[in-house]
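Q: Before I ask anything, here is the structure I am working with.
The values are calculated or read from the model by the stated rules, or taken from the named source; none is laboratory data. The shown structure was predicted, so the numbers you read here are calculated from the model rather than taken from an experiment. Positions of Cβ are backbone-derived with ideal geometry, glycine not excepted, and every protein chain shown enters the neighbour counts.
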Amino acid sequence: MKLHTEKQKNDEIKKHSKIKHTSARARITNQINQFWSRHRNADENWYTYLFFAVLRFVLVFIPQLGYVHPDEFFQSVEVIAGDHFQLEHTRTWEFNNTLPVRSITLPFLLLRVPWSFYEFIATVLQNATHIKLLHSYIYLVFPRLIMCCLSFINDWSLYHVCRLYGLRCEIRLLALGSSWVMLVFGTRTFSNTIEMMLCSLLLALVADSMITTNTIVYKKEYLEERYINAVSIGEKVRIWKLKTTLPTHNYKYMLLLSTICVVGVFNRPTFLLFGAPMVFYWLLRGMGTKTITFTDFNLRILLFCVSALPTILVFIFFDSIYYKYLTAGELQIFDIGINNFVFTPWNFIKYNLDPSKTAEHGLHPKYTHLLVNTPLLYNVLGIIALISFAHTMIRFFKAEYQGLPRAQSIVGLMLGAIFVPLFFLLLINHQEARFLIPLTFPIVLLHATKLLTGFCITYPFKEEHWILRQFYNRVLCTQASAKYLLKTWYIFNIALTVFFGFIHQAGVFPLAQHFEHAMQFKPSGEHLHLITSHMYDMPLSFVNIPSSRTLLFDRNTGRRYRRSKDFYLYEYGSLNLEKLLRKIKLSLSNCEFKRNSKQINYRLFLAIPTSLSDDFAYVVDKSNSSYLHFELQRIFYPHLSTEAFPSIFGRHICDVDPPEWSQDDLKGTCSIEPEPSLSFDYVTHQFSSFIHQFGLALYEIKLKSRSPLNVYKRGTITRSSK
């Protein structure tokens, strides 16, 4: 009996050891599988990021014809290209010499200096190959290429911080690279884009300084403690030598940080809001320890301000020369006073502090940035960021301080970089989405991993309730939310890239290219007049016309002269169509007067969205303008003006001509067809009509001939028979 019992015990021991061995092997196998799965996913994320990085360059050269906002051109490219190449261009009110609110120094360095090198190369190649390398395509693409190269400052900054703090960089870089903010805004010549790059670089340097200070302060305090406890003189000497070899950290990157801040403020004074929390964290490093005191804090402030002075003086000097507050003659005789200098950031702030002036650019509700622009720019990551911050504030007000991030941690820095500027921007009554793109870096760093892990890895609620449990299981947990978060991120970013990159106001640049070609091949002495409505302003520099304001010198006669102006642009925004027709009649009468009195031939054009063709034809018909003839020259597809959104039940672009003419008179025109009953043909026709409304129509306006065959009862809109 005893032997039987011992045998049973031995069998049980063998069985348990086998099970234990099997479970250990399974655990090791599982860990290995997880390791390889994680690395395989990491490699996939790296390859996907590289794809989007290459795509960022490809979208520059295609190029993106979408037109996000007029400031993309009129605050940089239009002025710099116009000045450098002496082209006809539009100088907006921001560059008015009376009260300039935009610094020219940074655009000069980023655009005009590279333009000089490119112009030299283009001139040499043109002389050798007779190929013209200065035209509208280059004026559009070359500045974007510069901005695209600079946009990788954001990528480097994110990678640098991730490596410093041991964070997963591949998913964060993937989220950054696939964001439509980088694919669209990152390659555009907005001052906000430069602001985003400077904020990202500033964050990376501050984060670097924080971890350096924390490491050195810890080592210093540890060595001081060992020095106090040391017994022998030799040990104290050795510890003292180790302390003296510790690198300095109090003023790390000080000159570079102060320079970045000055450049950011002169680029766009709202950088004060974005940079303030970052600089504060740089000043706060190590506070609360034995080695860092308020003396260090105050000394950092003083030296930071002093190191910023040289850059401030450089910007003020070059801006004052450009806006002619300071001249070469005054410098030679040293007749210089305080009125010879201009401080553009102060002019910018003073202008925007006046609510009546900001109201001229559009008024928005105070919650626009919070509830509209943040989700628009960052979709699921923006919503997660807002929810996470709300959860943090709830913990703060409940005095649950253990669950809050440490004040001097990287999480605290990123939260301050997001919500301090966001709070102050909410107080401004003019709120556009592009104002928030400097928040891209901290939002991606904090929340990009949730695209793979879902909203919550663990149960986030204190109370255990079946409703909360079901909400967590079905929506918040990793298995439930990780399935759709990354897909949602891709879908929204691709859609917004296509919309703002290739559809929104996308006919404006092709229109400028069309007139660049027309100006090159028009008869000498003929004037071209273009009227636009319900579309963004067209940059005149893309038409590539020599400036009529530049004073030229004729070597044969020895006289100075200016080139006569032969292209006129009249932009009427979203003017009522009836008023637009009156403007057209006025322009036509002026052109006819010059033709009869000065023998100046002309051609008059109108550019409007095709979605307004039907309405405009009705206005022309109702006004009984029997002497006007609108001939459709071309339609630029795609083009969408949100001021004239296509109508589902609108008529086709070819369906806007009067129906009562004879067949001989309909050459080159499209007649109205009776609206059929509901059928497949009707549905397809309406769908075709809707699609054709996504275009920009260019009409040539003529006076009708007085011959009997061409005298009709009313004005017409026809298609060109060419």
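Q: Residues in the range 355-393 that are among the polar types (S, T, N, Q) and over 27 Å from residue 573 (Cα atoms): how many? Reasoning before the result, please.
A: Going through the range 355-393, the residues among the polar types (S, T, N, Q) turn out to be 356, 358, 368, 373-374, 379, 388, 392.
Narrowing further to those that are over 27 Å from residue 573 (Cα atoms): 374, 379, 388, 392.
Within the range 355-393, residues that are among the polar types (S, T, N, Q) and over 27 Å from residue 573 (Cα atoms) number 4.
Q: Would you check which residues across the range 580-594 are of a type in the set (A, V, I, L, M) and either surrounded by 15 or more Cβ atoms within 10 Å (Cβ to Cβ) or touching a residue at least 12 places away in the same chain (Cβ under 8 Å) (or both) and list them? Before you say what the answer is, go through the steps one by one.
A: Of the residues in the range 580-594, the ones of a type in the set (A, V, I, L, M) are 580-581, 584, 586, 588.
The answer is 580, 581, 584, 588.
Q: Go through the range 175-195 residue by residue and tally those that are in a helix (DSSP H, G or I) and in contact with a Ser or Thr (Cβ under 6 Å, 6 or more places away or on another chain). I'd like the intermediate steps shown before the answer.
A: Start the filter on the range 175-195 by keeping residues that are in a helix (DSSP H, G or I), which leaves 175-178, 180-183, 185-187, 191-195.
Pick out the ones that are also in contact with a Ser or Thr (Cβ under 6 Å, 6 or more places away or on another chain) and you get 180-181, 183, 185-186.
Here the count works out to 5.
Q: From the list 374, 327, which one is of a type in the set (Val, Ile, Thr) and touching a residue at least 12 places away in the same chain (Cβ under 8 Å)?
A: On the way: 327 fails: touching a residue at least 12 places away in the same chain (Cβ under 8 Å).
Answer to the selection: 374.
Q: Let me ask something else about it. Just to be sure I understand, how many residues within the range 247-293 are of a type in the set (Phe, Trp, Tyr) and touching a Phe, Trp or Tyr at 6+ places or on another chain (Cβ under 6 Å)?
A: Total meeting the criteria: 1.
Q: Looking at the range 307-362, which of its residues are surrounded by fewer than 16 Cβ atoms within 10 Å (Cβ to Cβ), among the small types (Gly, Ala, Ser) and part of a helix (DSSP H, G or I)?
A: 328, 329, 356, 359
Q: Sort out which residues of the range 96-110 are in contact (Cβ under 8 Å) with a residue 40 or more places away in the chain and not in a loop (DSSP other than H, G, I, E, B), and write them in order of number. Spell out how you get there, then give the answer.
A: Step one: filter the range 96-110 for residues in contact (Cβ under 8 Å) with a residue 40 or more places away in the chain, giving 97, 99-106, 108, 110.
Hits for the range 96-110 are 105, 106, 108, 110.
Q: Considering only the range 62-70, I want to know if a residue exists there that is modelled with pLDDT under 95 and in a helix (DSSP H, G or I).
A: no
Q: Among 574, 611, 625, which is in contact (Cβ under 8 Å) with a residue 12 or more places away in the chain and in contact with a Pro (Cβ under 6 Å, 6 or more places away or on another chain)? Walk me through it before giving the result.
A: Working: 574 fails: in contact with a Pro (Cβ under 6 Å, 6 or more places away or on another chain); 625 fails: in contact with a Pro (Cβ under 6 Å, 6 or more places away or on another chain).
Checking each option against the conditions leaves just 611.
Q: Next question. So residue 162 ticks every box in (1) in contact with a helix residue (DSSP H, G or I) (Cβ under 6 Å, 6 or more places away or on another chain); (2) under 30 Å from residue 492 (Cβ atoms); (3) assigned by TED's automatic domain parsing to the domain that holds residue 106 but one. Which box is left unticked?
A: For residue 162, the failing item is (3).
Q: Give the residues of the range 264-285 that are touching a Ser or Thr at 6+ places or on another chain (Cβ under 7 Å) and closer than 17 Å to residue 316 by Cβ, sorted by residue number.
A: First, pick out the residues of the range 264-285 that are touching a Ser or Thr at 6+ places or on another chain (Cβ under 7 Å): 266-268, 282, 285.
Correct list: 266, 267, 268.
Q: Tally the residues that are farther than 23 Å from residue 585 by Cα and either small (Gly, Ala, Ser) or at pLDDT 95 or above (or both), restricting the search to the range 519-531. It would help to see each step written out before you state the result.
A: Just the residues of the range 519-531 that are farther than 23 Å from residue 585 by Cα, to begin with: 519-524.
Filter once more, keeping what is either small (Gly, Ala, Ser) or at pLDDT 95 or above (or both): 524.
Count: 1.
Q: Can you name the strands (runs of 3 or more DSSP E) wholly within the range 517-591 that have at least 1 residues being of a type in the set (D, E, K, R)? Working first, answer last.
A: Numbers: elements: 527-532, 551-554, 559-562, 567-571.
The qualifying strands (runs of 3 or more DSSP E) are 551-554, 559-562, 567-571.
Q: So, one more: Of (1) touching an Asp or Glu at 6+ places or on another chain (Cβ under 6 Å); (2) under 20 Å from residue 698 (Cβ atoms), residue 520 satisfies all except one. Which?
A: Looking at each condition in turn, residue 520 falls short on (1).
Q: Just checking: which of the helices (runs of 4 or more DSSP H) contained wholly in the range 396-491 hold 1 or more residues that are aromatic (Phe, Trp, Tyr) and either modelled with pLDDT under 90 or surrounded by 15 or more Cβ atoms within 10 Å (Cβ to Cβ) (or both)?
A: Details: elements: 410-425, 440-447, 450-453, 466-471.
Of the helices (runs of 4 or more DSSP H) lying wholly inside the range 396-491, those with at least 1 residues that are aromatic (Phe, Trp, Tyr) and either modelled with pLDDT under 90 or surrounded by 15 or more Cβ atoms within 10 Å (Cβ to Cβ) (or both) span 410-425, 440-447, 466-471.
Q: Something else: Test residue 512 against the stated conditions and say whether it is part of a helix (DSSP H, G or I), assigned by TED's automatic domain parsing to the domain that holds residue 631 and buried (at least 20 other Cβ atoms within 10 Å of the Cβ). If you could, list the steps in order and put the result at the bottom.
A: Values: part of a helix (DSSP H, G or I): yes; assigned by TED's automatic domain parsing to the domain that holds residue 631: yes; buried (at least 20 other Cβ atoms within 10 Å of the Cβ): yes.
Yes, satisfied.
Q: Still on this structure: For residue 295, indicate whether it is assigned to a helix (DSSP H, G or I), of a type outside the set (Gly, Ala, Ser) and either crowded, with 18+ Cβ neighbours inside 10 Å or more than 34 Å from the chain's Cα centre (by Cα) (or both). I'd like the intermediate steps shown before the answer.
A: On the way: assigned to a helix (DSSP H, G or I): yes; of a type outside the set (Gly, Ala, Ser): yes; either crowded, with 18+ Cβ neighbours inside 10 Å or more than 34 Å from the chain's Cα centre (by Cα) (or both): yes.
Considered against the rule, which asks whether it is assigned to a helix (DSSP H, G or I), of a type outside the set (Gly, Ala, Ser) and either crowded, with 18+ Cβ neighbours inside 10 Å or more than 34 Å from the chain's Cα centre (by Cα) (or both), residue 295 comes out as yes.
Q: If you don't mind, another one. What are the residues in the range 134-190 that are free of Cβ contacts under 8 Å to residues at least 24 places away in the same chain and either more than 30 Å from residue 515 (Cβ to Cβ) or not β-branched (Val, Ile, Thr) (or both), if any? Please lay out each step first, then the result.
A: First pass over the range 134-190, keeping only residues free of Cβ contacts under 8 Å to residues at least 24 places away in the same chain: 138, 149, 159, 163, 166, 169.
Within the range 134-190, 149, 159, 163, 166, 169 meet the criteria.
Q: Moving on to the next point. Give me the residue from the range 595-650 that is part of a strand (DSSP E or B) and of a type in the set (A, V, I, L, M) and, out of that set, surrounded by the most Cβ atoms within 10 Å (Cβ to Cβ). Explain how you work it out, then say what you get.
A: First, the residues of the range 595-650 that are part of a strand (DSSP E or B): 602-609, 628-636, 640.
Those still in the list that are of a type in the set (A, V, I, L, M) too: 604, 606-608, 628, 632, 635, 640.
On the way: 604: 22, 606: 24, 607: 26, 608: 23, 628: 19, 632: 22, 635: 17, 640: 22.
Result: 607.
Q: Moving to a separate point now. Could you please tell me which pairs satisfy a Cβ distance under 7 Å, a separation of 6+ or placement on different chains, a first residue in the range 227-239 that is among the aliphatic types (A, V, I, L, M), and a second residue that is outside any loop (DSSP other than H, G, I, E, B)?
A: Filtered contacts from the range 227-239: 230/236; 230/239; 239/223; 239/226; 239/227.
Yes/no matrix, rows are residues, columns are (1) modelled with pLDDT of 95 or more; (2) more than 24 Å from residue 417 (Cα to Cα); (3) crowded, with 18+ Cβ neighbours inside 10 Å; (4) out of contact with any Lys or Arg (no Cβ under 6 Å at 6 or more places or on another chain):
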position	(1), (2), (3), (4)
125	no, yes, no, yes
131	no, yes, no, yes
144	yes, yes, yes, yes
156	yes, no, no, yes
180	yes, no, yes, yes
201	yes, no, yes, yes
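Q: May I ask you to list pairs of residues, at least six apart or on different chains, whose Cβ atoms are under 8 Å apart, with the first in the range 111-129 being free of Cβ contacts under 8 Å to residues at least 60 places away in the same chain and assigned to a helix (DSSP H, G or I) and the second being surrounded by 13 or more Cβ atoms within 10 Å (Cβ to Cβ) and of a type in the set (Phe, Trp, Tyr)?
A: 114/142; 115/85; 115/142; 118/142; 119/85
Q: Filter the range 61-79 for residues that are within 14 Å of the chain's Cα centre (by Cα), more than 18 Å from residue 638 (Cα to Cα) and surrounded by 23 or more Cβ atoms within 10 Å (Cβ to Cβ) and give the result.
A: Residues satisfying the conditions are 72, 73, 76.
Q: Now a separate question. If the requirement is being surrounded by 10 or more Cβ atoms within 10 Å (Cβ to Cβ), of a type outside the set (Lys, Arg) and either closer than 15 Å to residue 144 by Cα or modelled with pLDDT under 90 (or both), which of these qualifies: 104, 13?
A: Values: 104 fails: either closer than 15 Å to residue 144 by Cα or modelled with pLDDT under 90 (or both).
Being surrounded by 10 or more Cβ atoms within 10 Å (Cβ to Cβ), of a type outside the set (Lys, Arg) and either closer than 15 Å to residue 144 by Cα or modelled with pLDDT under 90 (or both) holds for just one of 104, 13, which is 13.
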